[in-house]
Amino acid sequence: MLELYHHGSSVCAAKVRFALAEKGVVPDEMHYVDILKGEQFTPEFLKINPKAVVPSMVHDDQIINESTVICQYVNEAFDGPALVPDDPLARARMRIWEKAVDEQLHPACGELTFVSCHRHIVMRLGEEKLKEFLSSTPDQSVTSKWKTRKQEIVRLGFDAPGIEDTIRLYDSYLFKMEDTLKQYQWLAGDQFSLADIALTPYVNRLDMLSMFGMWSDGRLPKVEAWFERIKAMNSFGPAFLDWCPEELTNDLKVFGAQSWPDVKRIIGMS
Ligand SMILES: N[C@@H](CCC(=O)N[C@@H](CS)C(=O)NCC(=O)O)C(=O)O
């Protein structure tokens, strides 16, 4: 019995859905946890994931948390195409990308997503429910200081201290990808791997936020070509688009477009 706890706009959940789809594995049950309504804070879910984050996988009653670990588990536990290269050097490159995502790009993405879109969505909860939503976040969550950081970003928006550095850090990863993709077809080498699976949600997040200007029009042509190849894969729609409700897809697009001038200014494009 395979179960996945996930959410439509969660980058980490999309990463796991992508790995599952590439392996040809279909979970028996998909549990939708609406992290913008606070469903991650229920006592039942906290028993599964004490950090109150998605995704969580339950395989034959065993809980597996942490999207990078889940993807590695999916690759090892199920038949299907190998998502880890044979060559030890390529495997090392793959793991460096996964580590960078976990340590830097994912925390940056949480901030960029909240400042440009999700803060507008959670404000719809109304002041009382918003207070409850923000105070329910455990100290150890998306990052070790997510509770205070989320509050700060929701309240201050682009005036939150450090937000500009965060956005520039995100942008710097696109440049790192471009450099790598000048050498190899895929991020770890000439084979599609968990590195591509790990980075796709972060490029797709920008795309869904109407921020594709970060690589289009000749700014980062290798990243653009890589993302086009990934979007053409059969697994892309089911992993990245189909689980995102229409209203949320629209919010990402509209609030993202409204924030794009700020992001553009911060990364020095205007
Ligand atoms: N290190 C965790 C991070 C998971 C994470 O940050 N999930 C986000 C969505 S992508 C979440 O559930 N956020 C809940 C919140 O912000 O309260 C993993 O890789 O699984």
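With a/c under 1.5 counting as rounded, go ahead and sort segment 155-270 into rounded, prolate or oblate using the C-alpha gyration tensor (a ≥ b ≥ c being the square roots of the eigenvalues; past the cut-off, prolate if a/b is larger than b/c, else oblate).
oblate
Sort 155-161, 8-14 for me by packing, meaning the mean count of neighbouring Cβ atoms within 10 Å per residue, highest on top.
8-14, 155-161
Counting helices only, and only those DSSP H runs with n ≥ 4, report the 222 nm mean residue ellipticity of the chain as the sum of -39,500 (n - 2.57) divided by its residues, in deg cm²/dmol to the nearest 500.
Rounded to the nearest 500, it is -16500 deg cm²/dmol.
Residue 82 to residue 165: extension gain in nm, 0.36 nm per residue of separation minus the Cα-Cα distance?
Here the segment from residue 82 to residue 165 would lengthen by 26.2 nm.
Report the relative contact order of segment 2-77, percent, no decimals, based on alpha-carbon pairs under 8 angstrom and at least 6 residues apart.
Relative contact order here is 40 percent.
If you roll a 1.4 angstrom probe over the protein chains with everything in place, what fraction of the accessible area of segment 2-77 belongs to carbon and sulfur, to the nearest %?
50 percent
Does the chain classify as rounded, prolate or oblate by the C-alpha gyration tensor (a ≥ b ≥ c root eigenvalues; a/c under 1.5 gives rounded; else a/b over b/c gives prolate, otherwise oblate)? Please report the intermediate quantities before stating the final value.
Values: a/c = 1.73, a/b = 1.09, b/c = 1.58.
Cα axes put the chain in the oblate bin.
Hey, can you rank 104-115, 189-200 by average C-beta count inside 10 Å, highest first?
Numbers: 104-115: 22.2, 189-200: 23.7.
With the highest mean Cβ count within 10 Å placed first, the list reads 189-200, 104-115.
Add +1 for every Lys or Arg and -1 for every Asp or Glu among the other residues with Cβ under 11 Å from the Cβ of residue 117, and state the total.
+2
Would you work out the charge dipole size for the chain about its Cα centre, treating the Cβ of every Lys and Arg as +1 and the Cβ of every Asp and Glu as -1, and quote it to the nearest 20 debye?
780 debye
Whole number in Å², please: accessible area per residue of the chain, 1.4 Å probe, ligands, DNA and RNA not counted.
It amounts to 45 Å² per residue over the chain.
Heavy atoms only, 1.4 Å probe, whole protein assembly: order 93, 124 by accessible area, highest first.
124, 93
Computed FRET efficiency, Cβ-Cβ of residue 124 and residue 242, R0 35 Å: what is it to the nearest 0.05?
0.90
Could you check the spin-label model distance between residue 216 and residue 158? Points 7 Å from the Cα along Cα→Cβ, value in nm.
Label-label distance for residue 216 and residue 158, simple model: 2.0 nm.
The values are calculated or read from the model by the stated rules, or taken from the named source; none is laboratory data. Since the model is a prediction, treat every value here as computed from it, not as a measurement. Cβ sites come from the backbone with ideal geometry, for glycine too, and all protein chains shown count toward neighbours. In case anyone asks, the SASA skips ligands and DNA or RNA and just uses the protein heavy atoms, side chains included. Shrake-Rupley method; radii C 1.70, N 1.55, O 1.52, S 1.80 Å.
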